[in-house]
Structures are given as structure tokens and as C-alpha cells.
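The values are calculated or read from the model by the stated rules, or taken from the named source; none is laboratory data. Since the structure is predicted, the reported quantities are computational estimates derived from the model, not experimental observations. Cβ: placed from backbone, ideal geometry, glycine included. Neighbour counts: every protein chain shown.
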Amino acid sequence: MRAEIIAVGSELLTPDHCDTNSLLITEKMNEAGFAVYLKSVVGDRSDDIAALLRAALDRSAFVLICGGLGPTEDDLTRRAVAEALGRPLSISAPLLENLRALFARRGYPMRPINERQAEVIEGAQVLENSVGTAPGLWLEERGVQIVLLPGPPRELSPMLENHVLPRALELGAGRHLVKRSFRILGMTESEVDSRIAPIYTQYPQVDTTILASRGYIGIRMHQWVRQGEQAGAIEELSGRIDLTLGSAVFTRTDQPLEEVIGRLLRESGRTLAVAESCTAGMIGSAITRVPGSSDYFLGGVLCYSNDVKERLCGVPGDLLRRHGAVSVEVAEALANGVRLVAGSSTGLSVTGIAGPGGGSPEKPVGLVYVGLADGSRVAHLRRVLPGDRALIRERASYAALAFLYQHMVAETGGGRT
């Protein structure tokens, strides 16, 4: 049940374009019961396309080739596939007639070069293109299914959905992919792996991957299950991992952290205000991406200068002078000050040195303090974050959200989804 994708197009080998078709193809093939285990990108060279297909015939049950079906001189996929299979290529009279009628309806002259889009490889089934001029083709060679799809996504998508997926489902014999995932806070990638590797290595039938993101660690698991079969292994494994990692898991549904925080705020009846220095609105932007966030988010202050920290957030000037803007004392004062100014239940603040300049041996670039105040206590978090200016700011905003989440879980007992 192995499938592979060959994406054709010299533009895909430049930094200006990327292959997005493979994402959709992989999703649909997984639905049909096929595991996509290899993706290749090849330029508009007939010999290279043919060589890739010949190799694919020896290792895959299903080969999907996208791109290179247009009318121009560099659209070589049909001819390359015909060459690789040793089959003749000829003009289909019905296809040619349909093409001429399509151009006539659209009011465009049909050039002789367009006739090559009516070429069909011997033994191929034609797949109708409902929105474009390049039909797809379906062939079988030595038991391997080969599908040729147009490159433009708006043409590929309906052809894949309407013509390829239904037949692939029949060939997939009812297999389907069962997925589970976790997102974890407060642990490194190596720490997560050291905790769960003794568990997931006991389940070879489940593919388990640990991914390091900028703000959290992700765990992804999937298991292929045949029709009528229970996904017992992945269910047991995910349960054991969940129990092992405990409160470090903030979601089992890939829900963004700001959505989880929003739910906790709404359920607890709390409100939030933020004071942002080095992140300059990134936390507020993340919180307000969630629909309905006006229920619990009251607003924020972009307090970049010391003067604004004093006037709008009530940070005492002598505190700034004694400790500096990037300090525990100022982070906590900002959180409590914005809480009082906005009238919110909770205040959250960030102050730091994003660089590239401004650092010192005592306060290096990447030093960030997060402050939190809720009326009953004031707390802080210190981090020295790696990366350039953009990455430090992004990581600082996520560290603040994580700190808020952990505080709320400790206070309310709520948490993950």
C-alpha cells in the first residue's frame, strides 16, 4: 500500500515556488488507505522524469505525477511517461474536439500547440478536467497504478477528489489512518523523548514522531488500521504517554495555546490585560486571533519606552532607574500596573532585550522577563532565548502565554483539550 508522488516543474527547484500539491495528494491518499512514503521534485527534463518513473515502478503500488501536462514546449510529462513505459502516444479525436469546443466557448483561438493536450498514452483512461484544458490520465503498468495530474492546484484538486479518490478507496481495501497528537509545554525535545521512548518503542505498529516547535514540543502518532480492525495499539500508547507527561500536555487536539487559554479564562470568568515591551503587541495579537476573545481580553499597552511604562502602567520611576527596564522588578510592576489600569483579573507583561544591540554581560541579548499578577500574588519568569531579533520576540511571546497557561491550570485545575 505504498504510494509516491513525483512533482514535475523546474520552477519547483527554485526558491520562488514550492510544491503544495503534494500536501493535498498525501491527505487524500491517506484517506484511501495508501501511505505516501516518498516525494520527489524533478525539473522539466524528459529523461529525468522517465528515470524517476522507472524507479518508482519497482518500489511503489501507486505513483502520482503532477505537473507538466500543459501545452508549452517544457510540458513533457505525457511524453516522458510514454517513453518510460514503452507505449505509443497519439491524439485522441474526442479529446481534440472537446478542446476546440472549450476554446470556442471561451472566445479564444486554439493554437496548434494546444493539440498536444489531446495526446493519450496507449491504454490510459482519461480523467476529465472540469476547470482547465489539461485532462489527467490513469494507467496501470505491472500492477502499479500511475496517475498523471495537472499542476495548477485549482485543476488538480477537483480531479483528485472526483476521479482519483473514489477509485483509490476501492484499491485501498478499507484501510484508514488513525492519528493522535499531543502538544507539550515546559519540556525540551530530548526530555520528552527520554520520558516516552521506553513506551513508544514497545509499539512498532505505531509511527511516533517528536517535533520541536518554537513554543512547544509536539508528538504525532499514526497507525494504519484495516476495515473492522480496532486501533488498540495507538489508543493504549496515547493513554500511556498522556499519563506519563501529565499536566505538561496542554492539548491533544492540536488546538493553539491561545485558544486553550481563552477557554480557561472564559470558564473561570477571569479577564486579561497585557503590557508588552519587547514583543510590542505580539501577545495581544495571538490572544485576539481567537473568535470571541473580547469576552475575556480587555486590552494591552505597548510600553516600549520607560516614560510609557511609568505613565500608562504605573511603574515607579525609581524602580526603573534602580533595576532597569529589563528586570524582575519591572516585569512584575508592569503586570500589576496594567491589571489595575485595565481593571482585569490578571495582568501579563513581557520586557526584554531582543537585540541585536543593547546587551551586556549582566543582561545579554535574549534576556526576557515575564511578569504575572492576579490580585493575590505576583510572579515572574526569567528566560535567555536564542535566535535573532524576530525569533527572540516570537519565543518571548510564546513563553509569556505558556507562563499564563501554567498559572491558570495551577489555579483552576482546568487545562488541556
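Taking the criterion of being in contact (Cβ under 8 Å) with a residue 24 or more places away in the chain, under 17 Å from residue 367 (Cβ atoms) and of a type in the set (Phe, Trp, Tyr), would at least one residue in region 276-297 satisfy it?
There is no residue in region 276-297 that is in contact (Cβ under 8 Å) with a residue 24 or more places away in the chain, under 17 Å from residue 367 (Cβ atoms) and of a type in the set (Phe, Trp, Tyr).
Provide a single number: the residues in region 283-314 that are in a helix (DSSP H, G or I) and buried (at least 19 other Cβ atoms within 10 Å of the Cβ).
So in region 283-314, the residues in a helix (DSSP H, G or I) come out as 283-288, 293-295, 306-313.
Subset that is buried (at least 19 other Cβ atoms within 10 Å of the Cβ): 283-284, 286-287, 293, 309, 313.
So the count comes out to 7.
Mind checking which pairs have a first residue in region 227-239 that is within 12 Å of residue 179 (Cα to Cα) and a second that is modelled with pLDDT of 90 or more and acidic (Asp, Glu), Cβ under 9 Å, 6 or more apart or different chains?
No pair meets every condition.
Checking residue 159 against (1) within 25 Å of the chain's Cα centre (by Cα); (2) without any contact (Cβ under 8 Å) to a residue 60 or more places away in the chain; (3) over 22 Å from residue 19 (Cα atoms); (4) buried (at least 20 other Cβ atoms within 10 Å of the Cβ), only one condition comes out false. Which one?
(3)
Considering only region 344-417, give the strands (runs of 3 or more DSSP E) lying wholly within it that have at least 1 residues that are in contact with a Cys (Cβ under 9 Å, 6 or more places away or on another chain).
So the answer is 346-352, 367-373.
So, in region 1-20, exactly how many residues are modelled with pLDDT of 95 or more and over 12 Å from residue 43 (Cα atoms)?
The qualifying residues number 3.
What number of residues within region 237-289 satisfy the criterion of being on the phi > 0 side of the Ramachandran plot and among the aromatic types (Phe, Trp, Tyr)?
0
Check 390, 402, 373 and return the single one that is surrounded by fewer than 17 Cβ atoms within 10 Å (Cβ to Cβ) and assigned by TED's automatic domain parsing to the domain that holds residue 311.
390 is the lone residue from the list that is surrounded by fewer than 17 Cβ atoms within 10 Å (Cβ to Cβ) and assigned by TED's automatic domain parsing to the domain that holds residue 311.
What is the residue count in region 82-94 for residues that are in a helix (DSSP H, G or I) and of a type outside the set (D, E, K, R)?
Going through region 82-94, the residues in a helix (DSSP H, G or I) turn out to be 82-85, 93-94.
Within this subset, residues satisfying the condition of being of a type outside the set (D, E, K, R) are 82, 84-85, 93-94.
Total satisfying the criteria: 5.
Going by the conditions given, is residue 118 in the same structural domain as residue 6 (by TED's automatic domain parsing), in contact with a strand residue (DSSP E or B) (Cβ under 7 Å, 6 or more places away or on another chain), surrounded by 20 or more Cβ atoms within 10 Å (Cβ to Cβ) and among the aliphatic types (A, V, I, L, M)?
The answer is yes for residue 118.
Which strands (runs of 3 or more DSSP E) does region 1-77 wholly contain that include 2 or more residues that are over 29 Å from the mean Cα position of the chain (by Cα)?
Filter on region 1-77 gives an empty set.
Mind listing whichever residues of region 359-417 are β-branched (Val, Ile, Thr) and under 30 Å from the mean Cα position of the chain (by Cα)?
Start the filter on region 359-417 by keeping residues that are β-branched (Val, Ile, Thr), which leaves 365, 368, 370, 378, 384, 392, 409, 412, 417.
Listed by number, the residues that qualify are 365, 368, 370, 384, 392, 409, 417.
Look at residue 111 and say whether it is crowded, with 21+ Cβ neighbours inside 10 Å, in contact (Cβ under 8 Å) with a residue 40 or more places away in the chain, of a type in the set (D, E, K, R) and out of contact with any His (no Cβ under 9 Å at 6 or more places or on another chain).
When the stated conditions are applied, residue 111 does not pass them.
Report yes if some residue within region 221-239 is touching a Phe, Trp or Tyr at 6+ places or on another chain (Cβ under 6 Å) and either part of a strand (DSSP E or B) or closer than 27 Å to residue 390 by Cα (or both); otherwise report no. Reasoning before the result, please.
First, pick out the residues of region 221-239 that are touching a Phe, Trp or Tyr at 6+ places or on another chain (Cβ under 6 Å): 233, 237.
After this cut, where a residue has to be either part of a strand (DSSP E or B) or closer than 27 Å to residue 390 by Cα (or both) as well, the list is none.
For region 221-239, residues touching a Phe, Trp or Tyr at 6+ places or on another chain (Cβ under 6 Å) and either part of a strand (DSSP E or B) or closer than 27 Å to residue 390 by Cα (or both): absent.
For region 15-52, name all the residues that are over 22 Å from residue 169 (Cα atoms) and either touching a residue at least 60 places away in the same chain (Cβ under 8 Å) or not assigned by TED's automatic domain parsing to the domain that holds residue 166 (or both).
20
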